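Remarks on the structure that follows.
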Amino acid sequence: IDYKAHDSKIFFITFFFLALLVTKNWNCELAMTAAKTLNGNSKVATLAPNYGPRYQLEETITTNTYSKDDTTGVVSSLCSHCGRCCCKCLHSVTACISPRCVLSFLCGSRKRVTILITISAVVSLSINAFVLEPLALSLNNQQNFSLAKEQSYGFFDDIPQSRWKLLQKRVRDQRRKQRERGWRGQVTVTDPSHYTKASQFYQHHWQADFTCPHEGRVGAVKDGGKVLCDPDNILSASRDRFQEHNGNGCLIYVSSGNVNEYIFERELLEKIGRCEVHVFSPNDEPELHSTPPNIYFHPWGFKGENSKTNDDSKNFFTFMDTLRALGHCGKTIDVFSLDCEGCEFDIYKDLFIHDHSEEDTDTDCSPAALMQILVQVHGAPTKVTNDFFATFQDQGYVTYHKGPSLEASGNEQDYGFLKLSDEFFS
(Lines give C-alpha, C1' and ligand atoms only; values in the text may rest on other atoms or scores of the structure.)
Protein backbone atom coordinates (compact mmCIF):
# COMPACT_ATOMS: atom_id res chain seq x y z
CA ILE A 1 0.00 0.00 0.00
CA ASP A 2 1.47 3.34 -1.08
CA TYR A 3 1.01 6.29 1.26
CA LYS A 4 3.69 8.57 -0.22
CA ALA A 5 1.17 10.61 -2.20
CA HIS A 6 -0.85 11.31 0.95
CA ASP A 7 2.27 12.19 2.95
CA SER A 8 3.37 14.76 0.38
CA LYS A 9 -0.03 16.44 0.42
CA ILE A 10 0.02 16.73 4.20
CA PHE A 11 3.53 18.11 4.14
CA PHE A 12 2.77 20.89 1.67
CA ILE A 13 -0.52 21.85 3.33
CA THR A 14 1.03 21.94 6.79
CA PHE A 15 4.09 23.82 5.55
CA PHE A 16 1.93 26.40 3.79
CA PHE A 17 -0.16 27.25 6.82
CA LEU A 18 2.79 27.27 9.21
CA ALA A 19 4.62 29.62 6.87
CA LEU A 20 1.52 31.79 6.73
CA LEU A 21 1.40 31.82 10.51
CA VAL A 22 5.03 32.94 10.85
CA THR A 23 5.14 35.48 8.04
CA LYS A 24 1.70 37.01 8.24
CA ASN A 25 0.33 36.64 11.74
CA TRP A 26 3.41 36.55 13.96
CA ASN A 27 3.86 39.76 15.86
CA CYS A 28 7.52 40.70 15.50
CA GLU A 29 7.38 43.11 18.44
CA LEU A 30 6.02 40.32 20.63
CA ALA A 31 8.90 38.05 19.61
CA MET A 32 11.51 40.71 20.28
CA THR A 33 9.93 41.56 23.64
CA ALA A 34 10.06 37.93 24.66
CA ALA A 35 13.66 37.70 23.57
CA LYS A 36 14.49 40.79 25.59
CA THR A 37 12.81 39.29 28.64
CA LEU A 38 15.18 36.30 28.50
CA ASN A 39 18.15 38.62 28.91
CA GLY A 40 17.58 41.73 30.97
CA ASN A 41 20.94 43.20 30.01
CA SER A 42 20.21 43.47 26.29
CA LYS A 43 18.44 46.33 24.60
CA VAL A 44 16.63 46.52 21.34
CA ALA A 45 17.07 49.78 19.47
CA THR A 46 15.20 50.92 16.43
CA LEU A 47 17.12 53.26 14.17
CA ALA A 48 14.15 54.61 12.28
CA PRO A 49 15.37 58.20 11.86
CA ASN A 50 18.46 57.11 9.97
CA TYR A 51 16.90 54.53 7.68
CA GLY A 52 13.44 55.89 6.93
CA PRO A 53 10.92 53.06 6.34
CA ARG A 54 13.59 50.40 6.89
CA TYR A 55 14.23 49.09 10.37
CA GLN A 56 17.26 47.46 11.83
CA LEU A 57 17.85 45.68 15.10
CA GLU A 58 21.05 46.47 16.91
CA GLU A 59 22.33 45.01 20.12
CA THR A 60 23.65 47.69 22.50
CA ILE A 61 26.56 47.40 24.80
CA THR A 62 25.76 45.46 27.96
CA THR A 63 27.23 45.73 31.36
CA ASN A 64 27.84 42.01 31.80
CA THR A 65 30.00 39.75 29.65
CA TYR A 66 28.16 36.91 28.03
CA SER A 67 29.14 33.43 28.98
CA LYS A 68 29.31 30.47 26.62
CA ASP A 69 26.07 29.14 28.04
CA ASP A 70 24.16 32.39 27.56
CA THR A 71 21.72 31.67 24.75
CA THR A 72 20.70 35.30 24.30
CA GLY A 73 24.32 36.35 24.04
CA VAL A 74 24.90 33.83 21.27
CA VAL A 75 21.83 35.11 19.50
CA SER A 76 23.02 38.70 19.80
CA SER A 77 26.44 37.76 18.47
CA LEU A 78 24.93 36.02 15.49
CA CYS A 79 22.67 39.02 14.84
CA SER A 80 25.60 41.35 14.67
CA HIS A 81 27.27 39.20 12.00
CA CYS A 82 24.36 37.77 10.03
CA GLY A 83 22.27 40.85 9.73
CA ARG A 84 18.69 41.83 10.13
CA CYS A 85 16.95 38.75 8.65
CA CYS A 86 18.93 36.19 10.59
CA CYS A 87 18.39 38.15 13.75
CA LYS A 88 14.65 38.19 13.31
CA CYS A 89 14.53 34.45 12.71
CA LEU A 90 16.66 33.61 15.73
CA HIS A 91 14.74 35.93 17.99
CA SER A 92 11.49 34.39 16.77
CA VAL A 93 12.74 30.89 17.58
CA THR A 94 13.91 32.08 21.00
CA ALA A 95 10.57 33.69 21.59
CA CYS A 96 8.75 30.47 20.72
CA ILE A 97 10.49 28.74 23.63
CA SER A 98 9.12 31.25 26.09
CA PRO A 99 5.85 30.19 27.80
CA ARG A 100 5.01 33.85 28.22
CA CYS A 101 5.22 34.34 24.49
CA VAL A 102 2.90 31.43 23.85
CA LEU A 103 0.36 32.73 26.35
CA SER A 104 0.66 36.22 24.95
CA PHE A 105 0.06 34.94 21.45
CA LEU A 106 -2.97 32.88 22.47
CA CYS A 107 -4.53 35.64 24.51
CA GLY A 108 -3.25 38.67 22.64
CA SER A 109 -6.22 39.22 20.39
CA ARG A 110 -9.27 37.58 18.94
CA LYS A 111 -7.65 37.62 15.54
CA ARG A 112 -4.79 35.44 16.70
CA VAL A 113 -7.16 32.98 18.38
CA THR A 114 -9.29 32.79 15.26
CA ILE A 115 -6.25 32.18 13.10
CA LEU A 116 -4.97 29.47 15.42
CA ILE A 117 -8.33 27.68 15.49
CA THR A 118 -8.61 27.88 11.71
CA ILE A 119 -5.11 26.50 11.18
CA SER A 120 -5.71 23.68 13.65
CA ALA A 121 -8.96 22.76 11.95
CA VAL A 122 -7.38 22.75 8.48
CA VAL A 123 -4.41 20.67 9.60
CA SER A 124 -6.70 18.21 11.41
CA LEU A 125 -8.98 17.86 8.41
CA SER A 126 -5.99 17.41 6.12
CA ILE A 127 -4.53 14.64 8.28
CA ASN A 128 -7.90 12.94 8.49
CA ALA A 129 -8.62 13.22 4.76
CA PHE A 130 -5.19 12.31 3.42
CA VAL A 131 -3.85 9.93 6.06
CA LEU A 132 -6.40 8.39 8.39
CA GLU A 133 -9.21 7.72 5.92
CA PRO A 134 -6.99 6.27 3.14
CA LEU A 135 -5.14 4.18 5.71
CA ALA A 136 -8.35 2.85 7.22
CA LEU A 137 -9.84 2.19 3.79
CA SER A 138 -6.72 0.39 2.60
CA LEU A 139 -6.53 -1.78 5.69
CA ASN A 140 -10.24 -2.49 5.50
CA ASN A 141 -10.06 -3.46 1.83
CA GLN A 142 -6.99 -5.56 2.48
CA GLN A 143 -8.92 -7.52 5.07
CA ASN A 144 -12.04 -7.66 2.88
CA PHE A 145 -10.14 -9.06 -0.11
CA SER A 146 -10.02 -12.32 1.81
CA LEU A 147 -13.76 -12.90 1.36
CA ALA A 148 -13.56 -12.96 -2.45
CA LYS A 149 -10.37 -14.99 -2.35
CA GLU A 150 -11.86 -17.56 -0.02
CA GLN A 151 -15.13 -17.97 -1.92
CA SER A 152 -13.37 -18.16 -5.31
CA TYR A 153 -10.86 -20.82 -4.20
CA GLY A 154 -8.04 -18.27 -4.26
CA PHE A 155 -8.76 -16.99 -7.77
CA PHE A 156 -9.77 -13.39 -6.98
CA ASP A 157 -7.42 -11.44 -4.70
CA ASP A 158 -8.31 -7.87 -5.74
CA ILE A 159 -12.08 -7.59 -5.23
CA PRO A 160 -13.15 -5.78 -2.01
CA GLN A 161 -15.98 -7.11 0.07
CA SER A 162 -18.41 -4.36 -0.93
CA ARG A 163 -18.10 -5.19 -4.62
CA TRP A 164 -18.13 -8.92 -3.95
CA LYS A 165 -21.44 -8.63 -2.11
CA LEU A 166 -22.90 -6.73 -5.05
CA LEU A 167 -21.93 -9.63 -7.29
CA GLN A 168 -23.60 -12.02 -4.86
CA LYS A 169 -26.77 -9.94 -4.90
CA ARG A 170 -26.78 -9.88 -8.68
CA VAL A 171 -26.56 -13.67 -8.88
CA ARG A 172 -29.29 -14.16 -6.28
CA ASP A 173 -31.64 -11.68 -7.94
CA GLN A 174 -31.20 -13.13 -11.40
CA ARG A 175 -31.72 -16.69 -10.26
CA ARG A 176 -34.79 -15.67 -8.31
CA LYS A 177 -36.20 -14.29 -11.57
CA GLN A 178 -35.33 -17.57 -13.23
CA ARG A 179 -37.45 -19.45 -10.72
CA GLU A 180 -40.32 -16.99 -11.08
CA ARG A 181 -40.27 -17.18 -14.87
CA GLY A 182 -39.78 -20.91 -14.94
CA TRP A 183 -36.42 -21.03 -16.68
CA ARG A 184 -35.97 -24.46 -15.17
CA GLY A 185 -38.86 -25.88 -17.15
CA GLN A 186 -41.69 -24.93 -14.79
CA VAL A 187 -43.39 -22.85 -17.49
CA THR A 188 -43.84 -24.19 -21.01
CA VAL A 189 -42.87 -20.88 -22.64
CA THR A 190 -39.24 -21.65 -21.75
CA ASP A 191 -39.33 -24.82 -23.84
CA PRO A 192 -36.99 -24.34 -26.83
CA SER A 193 -39.61 -26.00 -29.04
CA HIS A 194 -41.67 -22.80 -28.80
CA TYR A 195 -39.00 -20.98 -30.78
CA THR A 196 -38.35 -21.48 -34.46
CA LYS A 197 -34.62 -20.88 -34.02
CA ALA A 198 -32.16 -21.54 -31.23
CA SER A 199 -30.96 -17.94 -31.50
CA GLN A 200 -34.41 -16.72 -30.43
CA PHE A 201 -34.35 -18.97 -27.38
CA TYR A 202 -30.90 -17.82 -26.27
CA GLN A 203 -31.83 -14.20 -26.83
CA HIS A 204 -34.35 -14.41 -23.99
CA HIS A 205 -32.95 -17.07 -21.65
CA TRP A 206 -29.86 -18.06 -19.68
CA GLN A 207 -28.06 -14.75 -19.55
CA ALA A 208 -24.74 -14.08 -17.82
CA ASP A 209 -25.16 -13.39 -14.09
CA PHE A 210 -21.59 -12.59 -13.04
CA THR A 211 -18.86 -10.18 -14.12
CA CYS A 212 -15.13 -10.86 -14.06
CA PRO A 213 -13.11 -7.67 -13.50
CA HIS A 214 -10.49 -8.49 -16.16
CA GLU A 215 -12.25 -10.73 -18.65
CA GLY A 216 -10.16 -11.30 -21.77
CA ARG A 217 -10.40 -13.03 -25.12
CA VAL A 218 -7.69 -15.49 -26.10
CA GLY A 219 -7.15 -17.01 -29.54
CA ALA A 220 -8.55 -16.24 -32.95
CA VAL A 221 -10.93 -13.35 -33.46
CA LYS A 222 -13.42 -15.61 -35.24
CA ASP A 223 -14.23 -19.22 -34.45
CA GLY A 224 -11.68 -20.81 -32.13
CA GLY A 225 -11.15 -17.91 -29.74
CA LYS A 226 -12.46 -18.09 -26.18
CA VAL A 227 -13.25 -15.56 -23.47
CA LEU A 228 -11.59 -16.33 -20.13
CA CYS A 229 -12.26 -14.91 -16.70
CA ASP A 230 -9.18 -12.94 -15.64
CA PRO A 231 -6.60 -15.10 -17.46
CA ASP A 232 -3.75 -13.33 -15.65
CA ASN A 233 -4.98 -14.84 -12.36
CA ILE A 234 -4.88 -18.45 -13.55
CA LEU A 235 -1.19 -19.07 -12.96
CA SER A 236 -1.07 -17.28 -9.59
CA ALA A 237 -4.12 -19.20 -8.34
CA SER A 238 -2.64 -22.53 -9.39
CA ARG A 239 0.68 -21.59 -7.81
CA ASP A 240 -1.00 -20.78 -4.50
CA ARG A 241 -2.91 -24.04 -4.69
CA PHE A 242 0.31 -25.95 -5.23
CA GLN A 243 2.34 -24.19 -2.53
CA GLU A 244 -0.28 -23.74 0.20
CA HIS A 245 -2.62 -26.68 -0.29
CA ASN A 246 -0.35 -29.32 -1.83
CA GLY A 247 -2.48 -29.30 -4.98
CA ASN A 248 -1.43 -29.75 -8.57
CA GLY A 249 0.02 -27.04 -10.74
CA CYS A 250 -1.63 -25.29 -13.66
CA LEU A 251 -3.62 -27.76 -15.79
CA ILE A 252 -5.77 -27.03 -18.86
CA TYR A 253 -7.99 -29.26 -21.04
CA VAL A 254 -8.99 -28.22 -24.57
CA SER A 255 -11.39 -30.38 -26.57
CA SER A 256 -12.08 -29.25 -30.12
CA GLY A 257 -12.99 -30.74 -33.45
CA ASN A 258 -10.78 -28.13 -35.11
CA VAL A 259 -7.44 -27.57 -33.37
CA ASN A 260 -6.42 -24.88 -35.88
CA GLU A 261 -2.64 -25.06 -35.44
CA TYR A 262 -2.84 -24.55 -31.68
CA ILE A 263 -3.53 -20.81 -32.02
CA PHE A 264 -5.67 -20.70 -28.88
CA GLU A 265 -3.25 -22.84 -26.86
CA ARG A 266 -0.17 -20.87 -27.92
CA GLU A 267 -1.68 -17.51 -27.05
CA LEU A 268 -3.02 -18.86 -23.77
CA LEU A 269 0.45 -20.01 -22.73
CA GLU A 270 1.95 -16.68 -23.76
CA LYS A 271 -0.58 -14.88 -21.60
CA ILE A 272 -0.54 -16.95 -18.42
CA GLY A 273 2.97 -18.44 -18.53
CA ARG A 274 4.01 -21.99 -17.85
CA CYS A 275 1.11 -24.45 -17.76
CA GLU A 276 0.33 -28.03 -18.79
CA VAL A 277 -2.13 -28.04 -21.70
CA HIS A 278 -3.83 -31.21 -22.98
CA VAL A 279 -5.58 -31.04 -26.34
CA PHE A 280 -8.20 -33.61 -27.40
CA SER A 281 -9.52 -34.13 -30.90
CA PRO A 282 -10.98 -37.20 -32.64
CA ASN A 283 -9.48 -35.97 -35.90
CA ASP A 284 -6.14 -37.72 -35.69
CA GLU A 285 -4.19 -35.69 -38.21
CA PRO A 286 -0.42 -36.25 -38.45
CA GLU A 287 0.49 -32.57 -38.12
CA LEU A 288 -1.29 -32.38 -34.77
CA HIS A 289 1.30 -34.65 -33.17
CA SER A 290 3.96 -31.96 -33.62
CA THR A 291 3.06 -29.87 -30.61
CA PRO A 292 4.67 -26.77 -29.10
CA PRO A 293 6.30 -27.03 -25.64
CA ASN A 294 3.93 -27.81 -22.73
CA ILE A 295 1.14 -28.83 -25.13
CA TYR A 296 0.14 -32.51 -25.31
CA PHE A 297 -2.11 -33.90 -28.03
CA HIS A 298 -4.47 -36.85 -27.49
CA PRO A 299 -6.26 -38.34 -30.54
CA TRP A 300 -9.70 -38.85 -29.04
CA GLY A 301 -12.85 -36.94 -28.24
CA PHE A 302 -15.35 -37.12 -25.40
CA LYS A 303 -18.56 -39.10 -25.18
CA GLY A 304 -21.12 -39.55 -22.43
CA GLU A 305 -21.27 -42.50 -20.06
CA ASN A 306 -24.57 -43.51 -21.67
CA SER A 307 -23.69 -42.25 -25.10
CA LYS A 308 -24.91 -43.96 -28.25
CA THR A 309 -21.57 -43.26 -29.86
CA ASN A 310 -19.92 -46.68 -29.89
CA ASP A 311 -17.63 -46.23 -32.87
CA ASP A 312 -14.27 -47.03 -31.32
CA SER A 313 -12.52 -46.33 -34.58
CA LYS A 314 -13.09 -42.62 -33.96
CA ASN A 315 -11.60 -42.86 -30.47
CA PHE A 316 -14.26 -41.46 -28.20
CA PHE A 317 -13.60 -41.80 -24.46
CA THR A 318 -15.64 -40.73 -21.48
CA PHE A 319 -14.39 -37.89 -19.35
CA MET A 320 -13.70 -40.21 -16.41
CA ASP A 321 -11.79 -42.62 -18.65
CA THR A 322 -9.66 -39.69 -19.77
CA LEU A 323 -8.89 -38.64 -16.20
CA ARG A 324 -7.96 -42.18 -15.34
CA ALA A 325 -5.76 -42.62 -18.42
CA LEU A 326 -3.81 -39.42 -17.78
CA GLY A 327 -3.59 -39.84 -14.01
CA HIS A 328 -5.65 -36.71 -13.35
CA CYS A 329 -8.28 -38.19 -11.04
CA GLY A 330 -9.06 -35.70 -8.29
CA LYS A 331 -6.89 -33.00 -9.86
CA THR A 332 -7.88 -29.38 -10.36
CA ILE A 333 -8.30 -28.32 -13.98
CA ASP A 334 -7.99 -24.55 -14.22
CA VAL A 335 -9.63 -24.27 -17.66
CA PHE A 336 -11.77 -26.84 -19.48
CA SER A 337 -12.64 -25.71 -23.00
CA LEU A 338 -15.24 -27.79 -24.82
CA ASP A 339 -16.18 -27.30 -28.46
CA CYS A 340 -17.27 -30.69 -29.76
CA GLU A 341 -20.14 -29.94 -32.15
CA GLY A 342 -23.00 -31.06 -29.92
CA CYS A 343 -21.35 -33.49 -27.51
CA GLU A 344 -21.74 -30.92 -24.70
CA PHE A 345 -25.34 -32.06 -24.20
CA ASP A 346 -24.13 -35.65 -24.09
CA ILE A 347 -21.40 -35.35 -21.47
CA TYR A 348 -22.27 -32.41 -19.21
CA LYS A 349 -23.47 -34.59 -16.33
CA ASP A 350 -20.36 -36.77 -16.55
CA LEU A 351 -18.20 -33.77 -15.65
CA PHE A 352 -19.44 -33.88 -12.06
CA ILE A 353 -20.15 -37.55 -11.28
CA HIS A 354 -18.08 -39.59 -8.85
CA ASP A 355 -16.97 -42.90 -10.32
CA HIS A 356 -16.43 -45.49 -7.61
CA SER A 357 -16.22 -49.22 -8.07
CA GLU A 358 -17.05 -51.20 -4.94
CA GLU A 359 -15.53 -54.35 -6.39
CA ASP A 360 -12.15 -52.86 -7.21
CA THR A 361 -11.04 -49.84 -5.17
CA ASP A 362 -7.90 -49.49 -7.30
CA THR A 363 -10.04 -48.12 -10.10
CA ASP A 364 -11.58 -45.46 -7.88
CA CYS A 365 -11.38 -42.14 -9.72
CA SER A 366 -12.77 -38.99 -8.20
CA PRO A 367 -13.89 -36.24 -10.60
CA ALA A 368 -11.64 -33.33 -11.36
CA ALA A 369 -12.46 -29.89 -10.03
CA LEU A 370 -13.15 -27.72 -13.06
CA MET A 371 -12.54 -24.07 -12.18
CA GLN A 372 -13.49 -22.52 -15.53
CA ILE A 373 -15.58 -24.20 -18.18
CA LEU A 374 -15.69 -22.67 -21.64
CA VAL A 375 -18.29 -24.33 -23.82
CA GLN A 376 -19.88 -23.61 -27.15
CA VAL A 377 -23.46 -24.88 -27.24
CA HIS A 378 -24.82 -25.95 -30.61
CA GLY A 379 -28.55 -25.48 -31.03
CA ALA A 380 -31.11 -25.90 -28.26
CA PRO A 381 -32.33 -29.49 -27.94
CA THR A 382 -35.79 -29.54 -26.42
CA LYS A 383 -35.29 -32.05 -23.62
CA VAL A 384 -31.88 -31.16 -22.22
CA THR A 385 -31.12 -27.47 -22.82
CA ASN A 386 -32.66 -26.11 -19.62
CA ASP A 387 -31.29 -28.99 -17.58
CA PHE A 388 -27.85 -28.35 -19.07
CA PHE A 389 -27.68 -24.83 -17.62
CA ALA A 390 -29.48 -25.75 -14.41
CA THR A 391 -26.89 -28.47 -13.74
CA PHE A 392 -24.05 -25.97 -13.94
CA GLN A 393 -25.84 -23.71 -11.48
CA ASP A 394 -26.52 -26.61 -9.11
CA GLN A 395 -22.82 -27.50 -9.19
CA GLY A 396 -21.81 -24.02 -7.98
CA TYR A 397 -21.01 -22.21 -11.23
CA VAL A 398 -21.78 -18.65 -12.23
CA THR A 399 -22.08 -17.55 -15.85
CA TYR A 400 -19.57 -14.78 -16.49
CA HIS A 401 -19.81 -14.73 -20.29
CA LYS A 402 -22.36 -15.29 -23.01
CA GLY A 403 -21.80 -14.44 -26.66
CA PRO A 404 -23.39 -15.54 -29.94
CA SER A 405 -21.44 -17.10 -32.77
CA LEU A 406 -22.15 -14.74 -35.65
CA GLU A 407 -20.99 -17.28 -38.18
CA ALA A 408 -23.84 -19.53 -37.04
CA SER A 409 -26.38 -16.66 -36.93
CA GLY A 410 -26.64 -16.92 -33.16
CA ASN A 411 -27.70 -20.56 -33.15
CA GLU A 412 -24.40 -21.34 -31.44
CA GLN A 413 -23.51 -19.59 -28.19
CA ASP A 414 -20.21 -19.31 -26.34
CA TYR A 415 -20.58 -19.58 -22.56
CA GLY A 416 -18.09 -19.13 -19.75
CA PHE A 417 -18.73 -20.70 -16.33
CA LEU A 418 -16.72 -20.06 -13.16
CA LYS A 419 -16.67 -22.29 -10.08
CA LEU A 420 -17.33 -20.60 -6.72
CA SER A 421 -17.74 -22.04 -3.24
CA ASP A 422 -21.08 -22.91 -1.66
CA GLU A 423 -20.72 -19.96 0.74
CA PHE A 424 -21.05 -17.56 -2.19
CA PHE A 425 -24.58 -18.79 -2.89
CA SER A 426 -25.72 -19.16 0.74
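The values are calculated or read from the model by the stated rules, or taken from the named source; none is laboratory data. Everything quoted here is computed from the prediction, not taken from an experiment. Cβ sites come from the backbone with ideal geometry, for glycine too, and all protein chains shown count toward neighbours. Only protein heavy atoms, including side chains, enter the accessible area calculation; ligands, DNA and RNA are left aside. Shrake-Rupley method; radii C 1.70, N 1.55, O 1.52, S 1.80 Å.
Enumerate the calculated ³J(HN,Hα) couplings along the stretch 323-335 in order (Karplus 6.51 cos²θ - 1.76 cosθ + 1.60, θ = phi - 60°), each rounded to whole Hz, writing x wherever the residue is Gly or Pro.
In residue order, the calculated couplings are 4, 5, 5, 9, x, 10, 4, x, 7, 9, 9, 5, 9 Hz.
What is the set of long-range amide H partners of residue 364 at a cut-off below 5 Å, with H atoms built 1.01 Å from backbone N?
357
Along the stretch 162-173, what does the Karplus equation 6.51 cos²θ - 1.76 cosθ + 1.60 (θ = phi - 60°) give for ³J(HN,Hα), rounded to whole Hz, x for Gly and Pro?
4, 6, 5, 5, 5, 5, 4, 5, 4, 5, 4, 5
Please express the Cα-Cα pair-distance distribution P(r) of the stretch 243-308 as a list of whole percents, one per 10 Å bin, running from 0 to the bin with the greatest distance.
All Cα pairs considered, the percentages come to 19, 46, 25, 10, 0.
Starting from the amide H of residue 370, placed 1.01 Å from N in the peptide plane, find each other amide H under 5 Å away whose residue is 5 or more places distant or on another chain.
Residues meeting the amide H criterion: 333.
Please list the non-local residues whose amide H lies under 5 Å from the amide H of residue 251, H modeled 1.01 Å from N, same-chain partners needing a gap of 5 or more.
Sorted by chain and number, the residues that satisfy this are 276, 334, 335.
Cα centroids of the stretch 276-345 and the stretch 376-402: how far apart, whole angstrom?
21 Å
Counting Lys and Arg as +1 and Asp and Glu as -1, each charge on the Cβ, what is the dipole of the stretch 197-252 about the Cα centre in debye, to the nearest 20? Don't skip to the answer; put the middle values down first.
Numbers: 6 positive and 7 negative charges, 59 e Å.
Dipole magnitude for the stretch 197-252 comes out near 280 debye.
Over 25 Å between Cα atoms, which of 149/169; 149/303; 226/331; 226/303 qualify? Please report the intermediate quantities before stating the final value.
On the way: 149/169 17 Å; 149/303 34 Å; 226/331 23 Å; 226/303 22 Å.
Violating the 25 Å Cα-Cα cut-off are 149/303.
Just by accessible area at a 1.4 angstrom probe, what is the order of 259, 384 from largest to smallest? Numbers along the way, then the final one.
Working: 259 15, 384 40 Å².
Final ranking, largest accessible area leading: 384, 259.
At 0.36 nm per residue, minus the direct Cα-Cα distance, what do residue 266 and residue 204 gain on full extension? Give it in nm, one decimal, please.
Values: separation 62, 0.36 × 62 = 22.32 nm, distance 3.50 nm.
Extending this stretch completely gives an extra 18.8 nm.
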